[in-house]
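Undergrad: Have a look at the structure that comes next, please.
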Amino acid sequence: MHHASDLVLPASAWPWPRPVGPPRGTRRLTQQELGLASRRELLAMGYTDSRLIRSVRSGRLQRVARGWYGNAAALSPARLALRHGYRVTCIDAAALHGLWIPYRDEEERRTLHVYRPNGSAGVPEDMLAHPSGCRSWPEPDAVASLSLALEHAMRCQSGERAAILLESAMNRRLMAPAEVQRLLDAAPASVRSRIGALSTASDSGSETRVVRWLRRRGFRVEQQVFVDGAGYVDLYVGGILMEIDGRDGHSGPDAFALDRRRDLRTGRHGLQTLRLSYEQVWRNWADTQDAVLETIAEVGAFGRRKVEQLLAS
């Protein structure tokens, strides 16, 4: 795996450590997070069948599917899947776990990724079924655990999208790099080849997309480079610094002003910063690739000379 760079500009600067923080999140979504529980779980919590009937009649609980109950806040994807005898998995489960989800068009967003044991006959039009490969449910949950969801996504999604989900799981500290590596080791060689090398340093799926493309073009990419006065910058490649916006939509005037201040601080070192928006990375990607290559070709040589000077200082 690729990791954050140790490049510091200028070399005499004293970088502050990147914040890491403790692991957060869980591999499985709780009843409280889902707003759903199975009859077995409710009985274990002290409910009786008669109490369940009273709760449904009073409206405190709703019967979602056979053996499943939910409240008014129950997540709609999980409710829909259960109603048809499925469980949510793949990219839709990853979204419920809080991962960064790559751009999907309207039709893709309308398709719910689900699974159930032993086949998928009679799948509704708005669902895409994943075979579970076993005769019984591998998990008791209404939504696949993070590990199972990623296992399905690695086989279902493109290499780029799978890489985005896996890197997001590491970035958000929901899975350790060793756990992700075990998922890769257990996958078929064709899946591993399609996904390729991962990075623990990407802050968003947009950054993952840009970095993978640059590395496959043969560029050496340094991620999370420290620049004195500006802090950590997403990328250094081919003589230019790059900042990638991972958010869908405008960042607001405060973020815009902060970005301009950071650009001034990198500019005082003679370094060029190229900023890519979410729209450029996801909706105008072909034009953006051409623009990045042109920028590196036009100003990269000057930037590389400045970096060499900063590293010698």
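Undergrad: Using Cα pairs under 8 angstrom and six or more residues apart, how large is the relative contact order of the chain, in percent? Don't skip to the end; give the middle numbers.
TA: Numbers: 459 pairs, mean separation 62.2, N = 313.
Reported as a whole number, the value is 20 percent.
Undergrad: Still on this model: Students sometimes get this wrong: rank ASP228, ASP92, ASP287 by accessible area, probe 1.4 Å, all chains present, largest first. Let's see the in-between values first.
TA: Values: ASP228 55, ASP92 20, ASP287 110 Å².
Sorted by accessible area, descending: ASP287, ASP228, ASP92.
Undergrad: If you don't mind, another one. Over region 1-138, what is the relative contact order in percent, taking alpha-carbon pairs closer than 8 angstrom and at least six residues apart?
TA: This gives 15 percent for region 1-138.
Undergrad: Would you list ASP248, ASP6 from the most to the least accessible area, probe 1.4 Å?
TA: Working: ASP248 100, ASP6 140 Å².
Sorted descending by solvent-accessible area, the residues read ASP6, ASP248.
Undergrad: Any idea what the dipole of the chain comes to, in debye rounded to 20, about its Cα centre with Lys/Arg Cβ at +1 and Asp/Glu Cβ at -1?
TA: Taking the Cα centre of the chain as origin, the dipole is about 1200 debye.
Undergrad: Next up: Residue-wise, which Karplus ³J(HN,Hα) couplings in Hz belong to region 200-210, taking 6.51 cos²θ - 1.76 cosθ + 1.60, θ = phi - 60°, and x for glycine or proline?
TA: Working through the residues one at a time gives 8, 9, 6, 8, 7, x, 4, 5, 4, 4, 5 Hz.
Undergrad: Which option, (1) 1.59; (2) 0.99; (3) 1.19, is the value of Cα Rg over 2.2 N^0.38 Å that was calculated from these coordinates?
TA: (3)
Undergrad: Taking H as built 1.01 Å from N, whose amide H comes closer than 5 Å to the amide H of VAL64, not counting residues under 5 places away?
TA: Result for VAL64 returns TYR69, GLY70.
Undergrad: Moving on to the next point. Please give the FRET efficiency for ASP287 paired with LEU43, using the beta carbon to beta carbon distance and R0 = 51 Å, rounded to the nearest 0.05.
TA: 0.30
Undergrad: Take every Cα pair under 8 Å in region 58-216 that's 6+ residues apart, average their separations, divide by the length, and report that relative contact order as a whole percent.
TA: Contact order relative to length: 20 percent.
Undergrad: Related question: Using each residue's phi in region 170-180, evaluate 6.51 cos²θ - 1.76 cosθ + 1.60 at θ = phi - 60° and report the 3J(HN,Hα) Karplus result to the nearest Hz, with x for Gly and Pro.
TA: Result, rounded to whole Hz: 6, 4, 8, 6, 8, 9, 7, x, 5, 5, 5.
The values are calculated or read from the model by the stated rules, or taken from the named source; none is laboratory data. None of these values were measured; they are calculated from a predicted model. Using ideal geometry, Cβ is built from the backbone for each residue, glycine included, and neighbour counts are taken over all protein chains shown. Surface areas here come from the heavy atoms of the whole protein model, side chains and all, with no ligands, DNA or RNA. Shrake-Rupley method; radii C 1.70, N 1.55, O 1.52, S 1.80 Å.
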